[in-house]
1. Using only alpha carbon positions, build the gyration tensor of the range 119-158, then give the equivalent ellipsoid semi-axes as the square roots of 5 times its eigenvalues, largest first, whole angstrom.
2. In the range 39-65, whose amide N lies under 13 Å from the spot 7 Å out along Cα-to-Cβ of residue 181? List them in ranges.
3. For residue 70, put the label point 7 Å out on the Cα→Cβ axis and report which residues of the range 130-168 keep their amide N under 14 Å from it.
4. How much length, in nm to one decimal, is gained on full extension between residue 58 and residue 114, taken as 0.36 nm per residue of separation minus their Cα-Cα distance?
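Every read-out reported here was derived from the displayed coordinates using simple, explicitly stated rules and does not represent laboratory data. Predicted model, so just to flag it, every value in this text is computed and none were measured. Here the Cβ positions follow ideal geometry from the backbone for every residue, glycine too, while neighbour counts run over all protein chains shown.
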């Protein structure tokens with residue numbers, strides 16, 4: 001049986017469109033442009049547990065989010081302030097434990113010491129890594145270092161995130177009993193964005209946050225799935241191609 005002549009054209013159009021979508025997954029430190037939460041906090045994040053469930057950056061939606069499962073640094077780190085689930089400073093959350101899981105209503109304010117977080121397994125297949133923080137003001141530049149499953153630094157790799165690379169504030173967030181309001185924002189990066197000359201990044205299982213003076217972190221984690229958002233030009237190209245195929249089939253059958 002002869003293969004219909006329109007099949008090669010269908011393959012061509014499919015390849016072209018999906019190649020265009022794949023090219024939108026770029027390698028660079030990116031500001032997060034949108035986030036989803038469970039439960040939906042509305043216009044302001046406040047009391048209760050509110051988990052980040054997905055985020056978007058540079059035309060890609062990242063989902064299947066996972067947060068740290070344990071804290072290499074122990075539960076008590078001096079010279080730190082923590083946010084509680086009710087939007088109040090809460091001493092129950094100590095050390096890096098305030099950043100376990102995906103809850104954005106507790107966190108590590110004014111990070112000024114190093115601390116290490118573990119994902120409990122090797123995550124070299126992660127679609128991307130991400131961090132969220134509360135924007136209040138100041139320079140929130142921060143450095144991240146990859147760790148292996150034993151908590152050891154991997155070679156000389158690190159990634160420096162500048163104030164300019166954080167995304168814009170997306171939602172208001174209460175961070176104290178006095179009613180202080182900030183806004184949540186985030187940054188996303190790939191494993192390949194770490195800079196270094198030696199070490200095996202395929203053993204990554206955790207992250208070290210190097211102390212700065214201004215970052216107010218709420219979550220740190222990784223995504224297991226990346227879904228490119230179709231660009232309007234790609235969609236138009238695909239629809240146009242389908243139109244041509246339909247026309248060709250009609251002529252062939254007539």
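1. Listed largest to smallest, the semi-axes of the range 119-158 are 24, 14, 9 Å.
2. Inside the label zone: 43-46.
3. 148-152
4. Here the segment from residue 58 to residue 114 would lengthen by 17.2 nm.
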